[in-house]
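Here's the structure, in C-alpha cells; my notes come after.
Bear in mind these aren't lab numbers, they're just calculated from the coordinates by the rules spelled out. What you are looking at is a predicted structure, and each value in this text was computed from that prediction instead of being measured. A quick note on method: Cβ atoms are made from the backbone with ideal geometry, for glycine too, and the neighbour counts reach across all protein chains shown.
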Amino acid sequence: MHPRYIFITGGVISGLGKGITSASLGRILKSKGYRVTNIKCEMYVNVDAGTIRPTEHGEIFVTDDGVECDQDIGTYERFLDQNIYKECFLTTGQIYRSVIERERNFKYEGEDVEVVPHVPQEIIRRIKLATKKTKAEIAIIELGGTVGEYQGVLFLEAARMMEFESPSDVIHIHVSYLPIPKNIGEMKTKPVQYSVRTLNAAGIQPDFIIGRAEREMDQKRKEKIAYSCNVKIENVISNPDVPSIYEVPLILERQKLGEKILKTFDLKSRSYDMRDWKKLVKKIKSVKKEVKIGIVGKYFKTGDFSLEDSYISVIEAIKHAAFAHNLKPKNFWIDSAKYENDKNKARELKEFDGIIVPGGYGSRGTEGKIAAIKFVREHKIPYLGLCLGMQLACIEFSRNVLKLKDAATTEINPKTKHPVICVMEYQKKLLAKKQYGATNRLGAYLCRLKKSSRTFFAYKKAMISERHRHRYEFNNKYIKAFEAKGMIFSGINPQMNLIEIIELQNHPFFLATQFHPEFKSRPLSPHPLFLNFIAAAKNH
Ligand code: GLN
C-alpha cells in the first residue's frame, strides 16, 4: 500500500494536547491493523532539543537511536507502544542545515536556492524518508505551535504542497480550542473559526476539526463550526478534558474518528483490537488507594506557574507502575532548593511512600537533593535515582558513609579531592571545544546485570538495554570502598565497563541508575524498576 499522510495543526493556544490527540489517533489506526508512525515537526532553529532549558521546553526525551527530542515523541511511544526513530523528529534547524549543506555540495546544480520552494521541499523529503524508514502505511505529522505563527509558515506550505501533489493521500486535521469564559458560561466557537481562517490563508482546508474544551461540545456548536469552517458535521469531533490522557483514544473512537479517516482515504479497517487499552482505562478509573511519591527536582518553576512537563516521562512511568499495582499515584513536586539552607526540612520526606530524584544538569539545587537522599537512605524510605539521581546518591554515600567530606562530581566541583563522579574520558575533548550539541552519551546501551541482585530480580534477565543522556559517570576507583560498605554495583556496561546501576543492601529499596528507565515505560508494559519501586512504596 502506498503511504497516506495526516497533518495535525493546532489553533488558538499551545498546550492543547495536540501531541496526545496525534498519539491517540496513532493508537486507533494501529488498532485497525495499519502500520503507523507519528512524526513531530518543531518550529525552533535548534537542531534538536538537547540545548534547550527544560523549564522553557518541557522534558527532553531520548529515543533508542539517541536523538534528544520533544516530549511528544515520548507520548507517541507510550500510546503506540512502539519505538519512534530519529527520522521522525524534524526541526527548522535541521531543515535549514540540510538545505545549506546541499547547496554547499552543489546538490542544487547551480539553481538559485530559495526559501520557497526549496525549504518546504526539504521538509517533504524528510517526511517521506521518515515514513519509508518506519515502513508506515499511515504517517501522522504533528506541526508544533499554532497556526498563524510566522515560524510555522514553511511547514504549512509543505503540507499544502503534499496535498497538491496527491490530494487523495493527505488529510488535514485541525485541533483547536473552545473556551467557556466564566462570566458568560457559554462555549464559544469564534476562536476556532479564526484559526481555521488562518489555516485557509495558508491554502489549507481542514478535513476534520477536533474541538478541545473543558466540556463535551454540543450539537449546536458542532453545527456552527461545520457551517462556518466548511467541514462536514460528522467530521467535527469533540475532545473534552478527561481525568486521564489514556482515555482520549476511546473518546475519539466513540465518535468513529478512525473509521471516518480510513473512509476519507478510501481504506477499510483490517481488524479491530482495543481490548488492552480499554482494560487499562477501566483499571485507571477504578484504582482508589493512593501511593504518595515525592519528586525532588528543580525544573518546575516558570514565572508564577509550575511546569510538570519537565519530568513527564517520570510521572507517566510512576502512573504505569502504580496502576499495575492497583494504586492511584499522587505525585508531589518538591523543589530541592528548599533543603539547601535548612537540611532539617528534609524531615518532611517521612510523609512519602517513595522518593525519586530525577535527571538534571548544573549545580543549582544539588545540595538540596543530596540532603533529601541522605534522609531517605537513613530513614529507609524507598528511593529511586535517575541519572543525576544516581550520581548524587553516590556522592551522598561517599560523604556520609565513607566520610570523604568533599566528595563531589567534577561537573560542579572540578577541583574536588574525591571525584566520585567524573567526566567520561572522551567527553573532555568535546567540552574543551564547546561541542555541546548532541554529544552527551545518548540513546540505548547494553547493561549486564549481577545475578542475585534486586535489579536482576526486577528484570528477570541478565542483559538489558536502556537509554542514556549524560556526560559524567561513576569513578571506578571507588568501587571497592563502596562495596565494603554495602553498595552493590548491579549493572555494568560490558563494552566500556561503566557503572550503570547501584543498589544498597539493608535498605527496603535504594536503587539508582545512570540511564533513564522512565523513557521505556509504557502504559501496557510498565517498567520493571518502577514496578519494583512502587511495590516497595506500597509496603512502606
Ligand atoms: N548532569 C549529569 C551528567 O551529565 C546527569 C545528566 C542527567 O541527569 N541526565 O552526567
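Summary table below
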item	result
Contact order normalised by residue count of the chain, Cα under 8 Å, 6+ apart, percent	15 percent
17 Å Cα-Cα reach of Lys188 towards aspartates and glutamates, excluding residues that sit fewer than 8 places from it in its own chain	Glu214, Glu216, Asp218, Glu223, Asp241
Quotient of Cα Rg and 2.2 N^0.38 Å for segment 130-261, N being how many residues it contains	1.10
Average Cα contact separation per residue, segment 101-217, under 8 Å, 6 or more apart, as relative contact order %	23 percent
Projected area, mean over directions - the chain, Cα convex hull, nm²	26.7 nm²
Over 23 Å between alpha carbons, listed pairs Lys298/Lys319; Lys451/Lys480; Lys283/Lys450; Lys232/Lys263	Lys283/Lys450
Normalised contact order of segment 385-527, rounded percent, pairs of Cα under 8 Å and 6 or more residues apart	26 percent
Chymotrypsin sites (Phe, Trp or Tyr not before Pro) within segment 411-464, DSSP loop, no more than 13 other Cβ atoms inside 10 Å	Tyr436
Cβ-Cβ FRET estimate between Asn230 and Gln121, R0 fixed at 25 Å, reported to 0.05	0.30
Euclidean distance between Cα centres, segment 317-335 to segment 213-229, Å	35 Å
Fraction of beta bridges assigned by DSSP in segment 266-412 that are antiparallel (%, nearest 5)	10 percent
Dipole-positive endmost among Ile180, Ile501, Met217 within the chain (Cβ charges, Cα centre)	Ile501
Chain lengthening between Val113 and Lys403 when straightened (0.36 nm per residue, less Cα-Cα)	98.0 nm
Pairs beyond 22 Å (Cα-Cα), from Lys380/Lys485; Lys135/Lys282; Lys40/Lys135; Lys132/Lys279; Lys86/Lys128	Lys135/Lys282; Lys132/Lys279
Overall dimensions of segment 154-219 as given by Cα atoms, namely Rg and Dmax in Å	14.3, 47
Space enclosed by the convex hull of the alpha-carbon atoms of segment 383-540, per residue, Å³	118 Å³
Gain on full stretching of the segment that runs from Asp241 to Asp266 - 0.36 nm per residue minus C-alpha separation	5.9 nm
Projected label distance in nm at Met496 and Asp81, using a 7 Å step from Cα toward the beta-carbon	3.3 nm
Lys, Arg +1 and Asp, Glu -1 on Cβ, resulting dipole of segment 297-395 about Cα centre, debye, nearest 20	260 debye
Thr55/Lys188 FRET efficiency (R0 45 Å; Cβ-Cβ; nearest 0.05)	0.90
Positive dipole terminus of segment 67-191, leading residue within Ile100, Tyr76, Pro191 (C-beta point charges)	Tyr76
Eligible aspartates and glutamates near Lys288 by straight Cα distance, threshold 18 Å, same-chain separation 8 or greater	Glu247, Glu316, Asp353
Cα Rg, Dmax (largest Cα-Cα span) when computed across segment 199-332, Å	19.1, 52
Cα-based reach from Lys434 at 22 Å (exclusive), listing lysines while leaving out same-chain residues under 8 positions away	Lys415
Residue-averaged 222 nm ellipticity for the chain, from DSSP H runs of 4+ at -39500 (n - 2.57), nearest 500	-11000 deg cm²/dmol
Per principal axis, descending, Cα span of segment 1-139 in whole Å	47, 42, 33
On Cα atoms only, tilt of 275-286 relative to the major axis of the chain in degrees	60 degrees
Loop GluC sites (Glu not before Pro), segment 152-200, which have at most 12 other Cβ atoms in a 10 Å radius of their Cβ (DSSP)	Glu186
Given charges at beta-carbon only (K, R positive; D, E negative), |dipole| of the chain in Debye	2000 debye
Debye, to nearest 20: dipole size of segment 38-77, +1 on Lys, Arg Cβ, -1 on Asp, Glu Cβ	140 debye
Considering only the chain, percent of DSSP beta bridges that pair antiparallel, nearest 5	35 percent
Extension gain, Arg275 back to Lys429 (0.36 nm per residue minus Cα-Cα distance, nm)	50.3 nm
Those trypsin sites (Lys or Arg not before Pro) in segment 354-425 that DSSP places in a loop and that have at most 12 other beta carbons within 10 Å	Lys403, Lys405, Lys415, Lys417
